[in-house]
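A short worksheet on the structure shown next.
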Amino acid sequence: MNRTIVEAGRSRSLKERLRSPEPVLAPGVYDALSALLAEQAGFEALYLSGGAVAYTLLGRSDVGLTTATETADVLARIADRVSLPIIVDGDTGYGNALNTQRTVRAFERAGAAMIQLEDQGFPKRCGHLAGKSLVSTAEMCGKLRAALDARHDAGTLILARTDAVAVEGLDAAIERAEAYLACGVDALFVEAVVSAEDMGRVCERFAARIPLLANMVEGGKTPIQSASELGRRGYRIVIYPGGTVRFASRQLQRYFAGLKAAGTTRAFAGEMNDFDALNALIGTPELLDTGRRYAGED
């Protein structure tokens, strides 16, 4: 199937799904394998964060070290393996409005259904780290208009994120979100809201007008709630962006410590997919059958 048709299908399916009052729960993924596992688990959409790219590709913190090209490469590999719509973190657009346009085009080509852009200054950092800075509302609005104009397909959704809560307070964040909504974006994300009451204020202001995203970060600033709880508040997208990496990193710590101590993986045998199970999971038999068919063996 033509790649452009596949990308447009992803975008349309997410846009249509967001018309439902039930929130979309999108787990964080960081490579094609984690995305495949999430798809097999039955999720409807995926979320690729800049933080997850930094953690797994660089082994570094989410402090603006990754590039648009690196994220687009990871996104393309994920989109090649799964058919789910992918929400991708475009950070600050990696520069000014012109850089933002390049980022949107690159991410759209790589398979993004929704592209998130934030109003932090550079170097940006994880939304739940202290010490963030902001660009002006006018500059951010320019970036958002540039992003909307850069889309090849109007069905590719643009998500505007404000980090103003931690810098200027909730009232300022709401004012910024109003300005971004007026630019014509497809969804809003008020990051690092610190209480259920403040989440209620955000939803009361925007939920009836545009899809809102809730970001659940284990150990972060926003109270962790279930997707159903957040849906009742008015959120339409719920992400757990770094939970996959946090869980995997803990398990790998156990695995490496056990292997180093015992010199064998025997103690973990019951918790692992063996050789055959892993090959079944990733579709090796089907892939080999396809290869034989094209080789004229069948």
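The values are calculated or read from the model by the stated rules, or taken from the named source; none is laboratory data. None of these values were measured; they are calculated from a predicted model. Because the Cβ atoms are built from the backbone with ideal geometry, glycine has one as well, and the counts that use them run over all protein chains shown. Side chains are part of the model used for accessible areas, which takes the heavy atoms of the whole protein and leaves out ligands, DNA and RNA. Shrake-Rupley method; radii C 1.70, N 1.55, O 1.52, S 1.80 Å.
Some observations on this one:
- Any hit, segment 281-298, residues being part of a helix (DSSP H, G or I), within 27 Å of the chain's Cα centre (by Cα) and over 19 Å from ARG161 (Cα atoms): yes
- The set of residues in segment 21-48 being part of a loop (DSSP other than H, G, I, E, B) and open to solvent by less than 40 Å² (accessible area, probe 1.4 Å) consists of PRO23, ALA45.
- Residue selected from segment 182-234 under the condition within 24 Å of ARG125 (Cα to Cα) and hydroxyl-bearing (Ser, Thr, Tyr), by the criterion modelled with the lowest pLDDT: THR222
- Test for ALA277: is it open to solvent by 60 Å² or more (accessible area, probe 1.4 Å) and either over 24 Å from ALA35 (Cα atoms) or outside the structural domain of GLN40 (by the TED database) (or both): no
- Within segment 175-189, the residues that satisfy the criterion of being in contact with a Phe, Trp or Tyr (Cβ under 8 Å, 6 or more places away or on another chain) and open to solvent by less than 20 Å² (accessible area, probe 1.4 Å) are ALA177, LEU188.
- Residue tally, condition assigned to a helix (DSSP H, G or I) and either out of contact with any helix residue (DSSP H, G or I) (no Cβ under 9 Å at 6 or more places or on another chain) or of a type outside the set (A, V, I, L, M) (or both), over segment 69-112: 16
The rows are residues; the columns are (1) in contact with a strand residue (DSSP E or B) (Cβ under 9 Å, 6 or more places away or on another chain); (2) among the β-branched types (Val, Ile, Thr); (3) open to solvent by less than 70 Å² (accessible area, probe 1.4 Å).
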{"position": "GLY219", "(1), (2), (3)": "no, no, no"}
{"position": "ARG232", "(1), (2), (3)": "no, no, no"}
{"position": "GLY242", "(1), (2), (3)": "yes, no, yes"}
{"position": "ALA295", "(1), (2), (3)": "no, no, yes"}
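- Against the criterion of being open to solvent by less than 50 Å² (accessible area, probe 1.4 Å), at pLDDT 95 or above, farther than 19 Å from LYS221 by Cβ and within 16 Å of the chain's Cα centre (by Cα), GLY90 qualifies.
- Residue list for segment 50-60, filter: open to solvent by 70 Å² or more (accessible area, probe 1.4 Å) and either touching a Leu at 6+ places or on another chain (Cβ under 8 Å) or assigned to a loop (DSSP other than H, G, I, E, B) (or both): ARG60
- Of the helices (runs of 4 or more DSSP H) that lie entirely inside segment 126-241, those containing 2 or more residues that are in the same structural domain as VAL104 (by the TED database) and more than 24 Å from PRO27 (Cα to Cα) span 137-150, 164-168, 170-182, 196-206.
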